[in-house]
Amino acid sequence: MDLDSLRRETPGCANRVHLDNAGAGLLSRRTLAAMTDHLALEAAIGGYQAADRAAERLAETYVRLAALLGGRAEEVALFDNGTHAWNAAFHALRFRPGDRILTGRSEYASNLLSYLQAAQRFGVEVVVVPDDPSGRLDTAALAALIDERTRLVGVSHVPTSGGLVNPAAEIGRITRAAGVPFLLDATQSVGQFPVDVAGIGCDLLTGTGRKFLRGPRGTGFLWVRDAALAYLDPAVVDLHAATRDGARGFTWQPGARRFESWERSCGNVLGLHAAVSQALDLGLDRIGARATHLGRYLRDRLAALPGVTTHDRGRVQCAIVTATVAGLSAAAVADALTGQGINVRVTTPANPDFDAEPDFDAEPGALGPMVRLSPHYYNTEAELDRAVAAVARLTRR
């Protein structure tokens, strides 16, 4: 990678050390221009007219996302965020009393709330699969827990609160053999390293544009395996998702488009198109290797500081690094770094995913808040050294 060129094409690199890519990556000039040019066109000729002119690139967004995920364009639906995409997939399933949902200890908080809502509404049982000794989802335990009542396996590929990478492909092999739907939340993984739906074997995958893809906020997507359409019934229908075929009947659009609604921000979609295109141009293998290296580089140097503890688990770890500093709150550490031009975030596990006891009813956030530092390929080792030095100064206070 030509880091100098990449950084010149990323305006935010000029005045900040941006280590918050797990929150929102920095836009490139390419992505920014795609959005602002379209907004200017909307202002000049009208929103519908501008959309007509951009129709080819809007349609190509599905093709680019499919290439990124290893699927087909017809299997992709676009949303205004990853949470709406995930909920569209989850709430298209039809649950009955006694059904079981299996999930992991590192599941995203919003997903857990939807599971609990399904438990209240339909009488389903939510079962949390324990971790293995490394901290990732225990696939042997998962295989043992799946039975004829299991309606869904829902797992976060990478949690929002740590560098863990769950064994998605192993989970996929188990769910395929059992004939159980597998919903993968890939919000933190797509754009950070290669994610291939065929190799993973999931039935549904959701993601967002704003994180490691470096796309705009207000973008998300859902990938749906064709075979899954037979048992999915979208919870929302409009004139974009279906067509009337009689006075009292309608027919869903073919493929994943049945999950969409008609209105969208064309400027945001074009920004997503540009961001995905840039990721494909750079190559996800190279992006993944660089991001993983930076995560390891930062994690090792933070862990070597006296009074600093890193909390990332799993056999495979990515570019999300979480840490605490003895005697200081995570908020105080984050504020101190922010004051020095270093963007980080405070995160709290919604479920105690670092606690080996697989008790779903354990108090949320048992570990407490942590500082989350998440570099990406355009960051430099010198920037990470600057962040480590800033943390080191805090430990000497």
**Prompt:** Given the conditions (1) out of contact with any helix residue (DSSP H, G or I) (no Cβ under 8 Å at 6 or more places or on another chain); (2) part of a helix (DSSP H, G or I); (3) outside the structural domain of D335 (by TED's automatic domain parsing), which single one is not true for G12?
**Reply:** (3)
**Asked** Between a first residue in region 374-396 that is without any contact (Cβ under 8 Å) to a residue 12 or more places away in the chain and a second residue that is aliphatic (A, V, I, L, M) and surrounded by 15 or more Cβ atoms within 10 Å (Cβ to Cβ), which pairs have beta carbons less than 9 Å apart while being 6 or more apart in sequence or on different chains?
**Response** R393/A336
**Message:** Only one of G218, G249 is of a type outside the set (S, T, N, Q), on the phi > 0 side of the Ramachandran plot, assigned by TED's automatic domain parsing to the domain that holds D37 and surrounded by fewer than 21 Cβ atoms within 10 Å (Cβ to Cβ). Can you tell me which?
**Reply:** G218
**Request:** Would you confirm whether any residue within region 246-255 is under 18 Å from P181 (Cβ atoms), outside any strand (DSSP E or B) and of a type in the set (A, V, I, L, M, F, W, C)?
**Result:** no
**Request:** Report the residue count in region 311-345 for those that are on the phi > 0 side of the Ramachandran plot and touching a residue at least 40 places away in the same chain (Cβ under 8 Å).
**Result:** 2
**Request:** Can you confirm whether region 108-117 contains a residue that is assigned by TED's automatic domain parsing to the domain that holds R225 and in contact with a Lys or Arg (Cβ under 9 Å, 6 or more places away or on another chain)?
**Result:** no
**Request:** For region 36-111, please list each of the helices (runs of 4 or more DSSP H) lying entirely inside it that holds at least 2 residues being among the hydroxyl-bearing types (S, T, Y).
**Result:** 55-69
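The values are calculated or read from the model by the stated rules, or taken from the named source; none is laboratory data. Quick caveat, the model's predicted, so the values are computed rather than measured. Neighbour counts run over all protein chains shown; Cβ positions are idealised from the backbone, glycine included.
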